1. Considering only the range 100-108, I want to know if a residue exists there that is part of a helix (DSSP H, G or I) and either crowded, with 18+ Cβ neighbours inside 10 Å or of a type in the set (A, V, I, L, M) (or both).
2. If I filter the range 73-88 for residues that are more than 19 Å from Asn35 (Cα to Cα), among the small types (Gly, Ala, Ser) and under 15 Å from the mean Cα position of the chain (by Cα), do I get at least one hit?
3. Where the second residue is among the aliphatic types (A, V, I, L, M) and the first is farther than 18 Å from Ala145 by Cβ and lies in the range 56-76, which pairs have Cβ atoms under 6 Å and are six or more apart or on separate chains?
4. Would you check if there is a residue in the range 32-41 being closer than 21 Å to Leu16 by Cα, surrounded by 15 or more Cβ atoms within 10 Å (Cβ to Cβ), in contact with a Lys or Arg (Cβ under 7 Å, 6 or more places away or on another chain) and touching a residue at least 12 places away in the same chain (Cβ under 8 Å)?
5. Take the conditions in contact (Cβ under 8 Å) with a residue 60 or more places away in the chain, of a type in the set (S, T, N, Q) and in contact with a strand residue (DSSP E or B) (Cβ under 9 Å, 6 or more places away or on another chain) and apply them to Thr79. Does it pass?
6. For the range 125-148, name all the residues that are assigned to a loop (DSSP other than H, G, I, E, B) and modelled with pLDDT of 95 or more.
7. Criterion first (surrounded by fewer than 13 Cβ atoms within 10 Å (Cβ to Cβ) and closer than 23 Å to Thr66 by Cα) does Val82 satisfy it?
Amino acid sequence: MPGCYHCDLHRSGAELPPREDVVRTQHWHVAHAFNSTLPGWLVVLPARHVTSLVEVGEAAAAELGTLLHRLAVALEQVTGCVKTYQMQFSEAEGFSHLHVHVVPRIRDQPAELRGPRVFGHLVADEAQWVSEDERDRVALAVRAAYAG
């Protein structure tokens, strides 16, 4: 789907850095969010362009449950988080491709950034984003924990 960030990225055929290719399964791709101030904010995307969970099919839906569980375990190991949040809206322009946010809820998470307010970690100011190097480091650690 032209104009879809995820589809455009994968259609290019270029080798992706770890932050854009954390884990890949038959039906899903996992990336580290690019505009987050929180290391470990993952985004799970279907391998094909769909805009609703209803469209993914039963095999992909079944695989998603296991994937989310294993990512939660991996994030706990890598970040020391006390739990993970999983959310799916897919409403932002250019990001209508179905995606599920898997977000570590860190132990000392400020109250004003808990629950749905965790989206305060997604910011427009690129200077505040987790660096590409740190996203790659976290991505590789999550990949190893996921595989382990």
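The values are calculated or read from the model by the stated rules, or taken from the named source; none is laboratory data. Since the model is a prediction, treat every value here as computed from it, not as a measurement. Cβ sites come from the backbone with ideal geometry, for glycine too, and all protein chains shown count toward neighbours.
1. no
2. Yes.
3. Hits for this filter: Val56/Val50.
4. yes
5. Numbers: in contact (Cβ under 8 Å) with a residue 60 or more places away in the chain: no; of a type in the set (S, T, N, Q): yes; in contact with a strand residue (DSSP E or B) (Cβ under 9 Å, 6 or more places away or on another chain): yes.
Against the criterion (in contact (Cβ under 8 Å) with a residue 60 or more places away in the chain, of a type in the set (S, T, N, Q) and in contact with a strand residue (DSSP E or B) (Cβ under 9 Å, 6 or more places away or on another chain)), Thr79 does not qualify.
6. Selection gives Asp125, Trp129, Val130, Ser131.
7. Yes: the conditions hold for Val82.
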